[in-house]
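J.: Below is one structure. I have some questions about it.
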Amino acid sequence: MNEIDSKELYNVIGKNVKYYRKLYNLKRGKMTQENLAEIVDVSTALIGNLESDKIEQGISVFTLWKISQALNINVDKLFDNSDFSERSLDA
């Protein structure tokens, strides 16, 4: 198993939240940071901080689960560390 520090982990989670939120936009309808925050019952700033690669934002497992439910994905997808450059929003 590859070692990953907390900053890298939060970066991976944030990129995945952003990716799956945008994918949701393409497949199911509008899901802004504000919409997601409201559904998950967190601040828009928390979602924005998660999606930013400049801010290290901690997050609870329960909130991650609620985000995965809102985006209609399995929670493990938020931890996927595969190459983002190979992903496409058409997936």
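J.: Using Cα pairs under 8 angstrom and six or more residues apart, how large is the relative contact order of the chain, in percent?
T.: 37
J.: Another one. Are there GluC sites (Glu not before Pro) in region 1-75 that DSSP marks as loop and that have at most 12 other Cβ atoms within 10 Å, and which are they?
T.: Those satisfying the criteria are Glu3.
J.: How much length, in nm to one decimal, is gained on full extension between Arg28 and Asn81, taken as 0.36 nm per residue of separation minus their Cα-Cα distance?
T.: 16.7 nm
J.: Could you check the spin-label model distance between Ile39 and Phe62? Points 7 Å from the Cα along Cα→Cβ, value in nm.
T.: Going from the Ile39 label point to the Phe62 one covers 2.0 nm.
J.: Over region 1-74, give the accessible area per residue in Å² for a 1.4 Å probe, as an integer.
T.: Averaged over the residues of region 1-74, the accessible area is 62 Å².
J.: Ok, one more. Which percent of the accessible area of the chain is formed by carbon and sulfur heavy atoms (probe 1.4 angstrom)?
T.: Here carbon and sulfur together make up 48 percent of the probe-accessible area.
J.: Let me know the whole percent of all Cα-Cα pairs from the chain that are separated by more than 15 Å.
T.: Considering the chain, 57 percent of its Cα-Cα pairs are separated by more than 15 Å.
J.: Ok, one more. Say each of Ile4 and Asn72 gets a label point 7 Å from the Cα, pointing the same way as Cα to Cβ; how far apart are those two points in nm?
T.: For the pair Ile4/Asn72, the computed spacing is 2.5 nm.
The values are calculated or read from the model by the stated rules, or taken from the named source; none is laboratory data. The shown structure was predicted, so the numbers you read here are calculated from the model rather than taken from an experiment. In this analysis, Cβ positions are derived from the backbone assuming ideal geometry, glycine residues included, and neighbour counts consider all displayed protein chains. Just the protein is used for accessible areas: all its heavy atoms, side chains included, with ligands, DNA and RNA removed. Shrake-Rupley method; radii C 1.70, N 1.55, O 1.52, S 1.80 Å.
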